[in-house]
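Beneath this line is the structure, given in structure tokens, with notes to follow.
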Amino acid sequence: MAKFDSPLKNIKVASPCSADWNEMYGDGRKRFCGDCKLNVYNLSGMTRDEAEALIMNAEGRLCVRFYRRADGSVITQDCPVGWAKIKQRTKLYATAVASLLMALFTGVLFVSLVSKPRVTVGKLLIPFTTPTPERLMGVMVNRNTEVMGNVAVPTPTPKRLRRVSETDGLVQIRRNDG
């Protein structure tokens, strides 16, 4: 035998209304419809207990607005399945944000450990000084003077050559062939 759990499971709409909810006067839970001259109750804006009490205590015609899932159940304000989906989605987003923040901070830490220290502005790490010039005193020499005379340029003596004789400033050099 079937047990009666909730009147929300047995809601059937005889004739759906085409009136616009946004054009009715009232709040999120109850609005007055000018077409049918009845109060229209939003079951999805009420808790489960309030919606069940409204349906059980209604006498005569009752005009309601609600959202129904694909399985046929009515969504109420305190719907545990809806809250579970919201909690699940919130946990997913929180986990994603926490993971991104951890990755960001790990990357910043890694870069700070691996990177070389940089030179700070305003602090000179290597002392940079210019030498002070020496003071010299004396008579200036004119470098454009002409110099005349014999120039003696020393010539290197190769190992294979030997000096034989020197007469009147002339040097005779012979090859050492043997």
Filter region 2-27 down to residues that are under 49 Å from the mean Cα position of the chain (by Cα) and touching a residue at least 40 places away in the same chain (Cβ under 8 Å), then give me how many there are. 3
Can you find, within region 28-62, the residue that is farthest from C79 (Cα to Cα) among those that are exposed (fewer than 12 other Cβ atoms within 10 Å of the Cβ) and touching a strand residue (DSSP E or B) at 6+ places or on another chain (Cβ under 9 Å)? G34
Find the residue count for region 12-29, including only residues that are at pLDDT 80 or above and of a type in the set (V, I, T). 0
Scan region 12-53 residue by residue and report those that are in contact with a Phe, Trp or Tyr (Cβ under 7 Å, 6 or more places away or on another chain) and hydrophobic (A, V, I, L, M, F, W, C). M24, F32, L43
Counting only residues that are of a type in the set (S, T, N, Q) and modelled with pLDDT under 80, which one in region 61-92 is nearest to K9 (Cα to Cα)? S73
In region 28-43, which residue that is touching a residue at least 12 places away in the same chain (Cβ under 8 Å) and among the hydrophobic types (A, V, I, L, M, F, W, C) is nearest to Y67 (Cα to Cα)? L43
Quick check on region 1-27: of everything there that is small (G, A, S) and surrounded by 12 or more Cβ atoms within 10 Å (Cβ to Cβ), which residue is farthest from D71 (Cα to Cα)? G26
Residue under evaluation M56, criteria (1) within 30 Å of V13 (Cα to Cα); (2) modelled with pLDDT under 70, criterion not met: (2)
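The values are calculated or read from the model by the stated rules, or taken from the named source; none is laboratory data. A quick note: this is a predicted structure, and the numbers were derived from the prediction, not measured. Glycine also receives a Cβ, built like all others from the backbone with ideal geometry; neighbour counts cover every protein chain displayed.
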